[in-house]
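The values are calculated or read from the model by the stated rules, or taken from the named source; none is laboratory data. Everything numeric in this text was worked out from a predicted model, so none of it was measured. So basically every Cβ, Gly included, is an ideal-geometry build from the backbone, and we count neighbours across all protein chains shown.
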Number of protein chains: 2
Amino acid sequence: MTFPKSVRLVEVGPRDGLQNEPNPIDTATKLELIDRLGAAGIAYIEAASFVSPKWVPQMADHREVMTGLTRRQGVTYAALSPNLKGLEAALECGVEEVAVFGAASEAFSQKNINCSVAESLERFIPVLERAQQAGVRVRGYVSCVLGCPYEGEIAPAKVAEVSKALYEMGCYEVSLGDTIGTGTPLAAKRMIEAVSRDIPMDKLAAHFHDTYGQALANLYAVLEEGISVVDSSVAGLGGCPYAKGASGNVASEDVVYLLNGLGIETGIDLEALADTGTWITQTIGRPNRSKVGVALAAK
Amino acid sequence: MTFPKSVRLVEVGPRDGLQNEPNPIDTATKLELIDRLGAAGIAYIEAASFVSPKWVPQMADHREVMTGLTRRQGVTYAALSPNLKGLEAALECGVEEVAVFGAASEAFSQKNINCSVAESLERFIPVLERAQQAGVRVRGYVSCVLGCPYEGEIAPAKVAEVSKALYEMGCYEVSLGDTIGTGTPLAAKRMIEAVSRDIPMDKLAAHFHDTYGQALANLYAVLEEGISVVDSSVAGLGGCPYAKGASGNVASEDVVYLLNGLGIETGIDLEALADTGTWITQTIGRPNRSKVGVALAAK
């Protein structure tokens, strides 16, 4: 066991969370959410996605969000930009960091973005070159690392291969996504062990979904391996696009509670974070999927 | 790490779960629930509580439940019987196994049963003697092992002391309850380590609540220690009496999913169990608190 001393939380609620809402949330609410998250001590917020509003209408206001937010010192405001067009738009908005996303499943890549995994990776090369030129760091996502809605189980070697490609292409960090939340702790450990043979542990992030209630157990298991960056979503915003009514992203509050209990520093004010979760779910009329949030609010 | 090869689930939904429902559930529904749980492969079901209907009206039909259930081979049907009067009534109903419950918190004991922990333990002596005479095994519960709603943190040494007293009194197994669900994995490990200095690991059970979303992470941590008996409640029935609207008992389905993923045998048919969770929550009009149950039903 080599628990990290501190963990950096990557808050994906404003992007990954709200992107999965059935209807777009208004820009003012997004901006208040982002501001409250920063005030609670979250140092990294994925705020928007520069993709076509035709495909993701929930993120159509990406320019308004990225230019409208009040930047706090020490907080990184990032955006997804899977292609050059999106990247150029993001750069115009003064984005400090962008992200691209690949998949560890061929079937998922085909169904989701209509190309093979290798083709998707090739498309990122000019994005990374342009970002580097502009002095903007790029984070890489890999989806389906512990299971695919179409293929089922995914070999750790495949996850390692895609992760290595993103890392060698210039992604400074690779976030490993259990997109459908089917993973369990030993599978999560084996996957992390495979990927960390090629990439230093401190360049990896765990992005786990709680669809089957396993996310915190899986996080505990990979913290034991030395993982020190965790993606999560305030109030578990977003749900699961592959199982209606089920949970998606693990709730940030529940992750912080776990980390506090393990004596791992995060720099986050749990009460302020939980208040933010209560506020945003009440504002958009969704259930609060953070158990910590619900328990603290009930007190 | 010394994971057990198999884990025995103690299903507490019909008792601990339904006891926390605001209104009593009809006996026929309870009997169908118990039967479905047995059919799904659960080998130990806590079916009723022989306490005064004045205090726990939800369990007023304990005689009807214990005499009305259809006994399946290989399944133990147990009941709570905290005093001699309750035990005699349980024995009349042909109960095979009973349970008594102590607390690791003085304040909780005083508020809950109006006596000190030591006094509560003394009251169990005649219950254990009578049970032994009747050839009926007694299980011991300890509540507040990872926190108390009145005292806050509880020392592992206090949990060990109460557990040892119950074990030496003749309880064949001691179930360690995180009554308010505030525990985290390292605290759970430390508590189990303290208790297992006096009592063999295979005589201990983990009874964890999911109020703060930590139950599965805590279970994973104590499975690493060698714990091989887990208490849980189908669909997470019961909620938390100390935080309205929050979760209580960890859901059996989520525990079985975790154990399946770890390659630990349970003898339980997860789909049949999840169907039972869907059925009972629909029947009594409560939310399904099993994430596995919700995800499987959404598929």
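Against the numbered list (1) out of contact with any Leu (no Cβ under 6 Å at 6 or more places or on another chain); (2) within 14 Å of chain B (Cβ to nearest Cβ); (3) farther than 23 Å from residue A:290 by Cα, residue A:158 comes up short only at (2). Once segment B:193-214 is narrowed to residues that are buried (at least 24 other Cβ atoms within 10 Å of the Cβ) and among the β-branched types (Val, Ile, Thr), the residue that is nearest to the other protein chains (Cβ to nearest Cβ) is B:211. Restricting attention to segment B:165-197, the residues that are in contact with a strand residue (DSSP E or B) (Cβ under 8 Å, 6 or more places away or on another chain), part of a helix (DSSP H, G or I) and of a type in the set (Gly, Ala, Ser) add up to 2. Residues of segment B:242-254 that are facing chain A (nearest Cβ under 9 Å) and outside any loop (DSSP other than H, G, I, E, B): B:251, B:253, B:254. If you go through segment B:271-292 and keep only what is within 14 Å of another protein chain (Cβ to nearest Cβ) and either in contact (Cβ under 8 Å) with a residue 60 or more places away in the chain or in contact with a strand residue (DSSP E or B) (Cβ under 6 Å, 6 or more places away or on another chain) (or both), you end up with B:273, B:289, B:290. Every test in (1) outside any helix (DSSP H, G or I); (2) modelled with pLDDT of 95 or more; (3) within 12 Å of chain B (Cβ to nearest Cβ) is passed by residue A:239 save one, and that test is (2). Taking residue A:102 as the residue in question, decide whether it is within 18 Å of residue A:45 (Cβ to Cβ), of a type outside the set (Asp, Glu) and touching a Leu at 6+ places or on another chain (Cβ under 9 Å). For residue A:102, the condition - within 18 Å of residue A:45 (Cβ to Cβ), of a type outside the set (Asp, Glu) and touching a Leu at 6+ places or on another chain (Cβ under 9 Å) - is not met. Checking each residue in segment B:16-38 for being touching a strand residue (DSSP E or B) at 6+ places or on another chain (Cβ under 7 Å) and without any contact (Cβ under 8 Å) to a residue 60 or more places away in the chain picks out B:34, B:38.
Among the residues making up segment A:52-75, those that are hydroxyl-bearing (Ser, Thr, Tyr) and either within 17 Å of residue A:26 (Cα to Cα) or surrounded by 20 or more Cβ atoms within 10 Å (Cβ to Cβ) (or both) are A:67, A:70.
Of all residues in segment A:251-266, none satisfies being of a type in the set (A, V, I, L, M, F, W, C) and in contact with an Asp or Glu (Cβ under 7 Å, 6 or more places away or on another chain).
One line per residue, one yes/no per condition, for (1) under 23 Å from residue A:240 (Cβ atoms); (2) surrounded by fewer than 23 Cβ atoms within 10 Å (Cβ to Cβ):
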residue: A:25; (1), (2): yes, yes
residue: A:33; (1), (2): yes, no
residue: A:36; (1), (2): no, yes
residue: A:48; (1), (2): yes, no
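The numbered conditions (1) farther than 18 Å from residue A:284 by Cβ; (2) in contact with a helix residue (DSSP H, G or I) (Cβ under 9 Å, 6 or more places away or on another chain); (3) part of a helix (DSSP H, G or I); (4) not hydrophobic (A, V, I, L, M, F, W, C) are all true for residue A:41 except (3). Of all the numbered requirements in (1) away from chain A (no Cβ under 14 Å); (2) surrounded by fewer than 24 Cβ atoms within 10 Å (Cβ to Cβ); (3) touching a Phe, Trp or Tyr at 6+ places or on another chain (Cβ under 8 Å), residue B:224 misses one, and that requirement is (1). Looking only at residues in segment A:242-280 that are touching a helix residue (DSSP H, G or I) at 6+ places or on another chain (Cβ under 8 Å), over 27 Å from residue B:149 (Cα atoms) and not basic (Lys, Arg), the one that is surrounded by the fewest Cβ atoms within 10 Å (Cβ to Cβ) is A:245. Checked against the criteria, residue A:268 does not count as more than 10 Å from chain B (Cβ to nearest Cβ), β-branched (Val, Ile, Thr) and farther than 20 Å from residue B:185 by Cβ. Considering segment A:282-292, the residues that are under 21 Å from residue A:25 (Cα atoms) and not hydroxyl-bearing (Ser, Thr, Tyr) include one that is nearest to the chain's Cα centre (by Cα), namely A:289.
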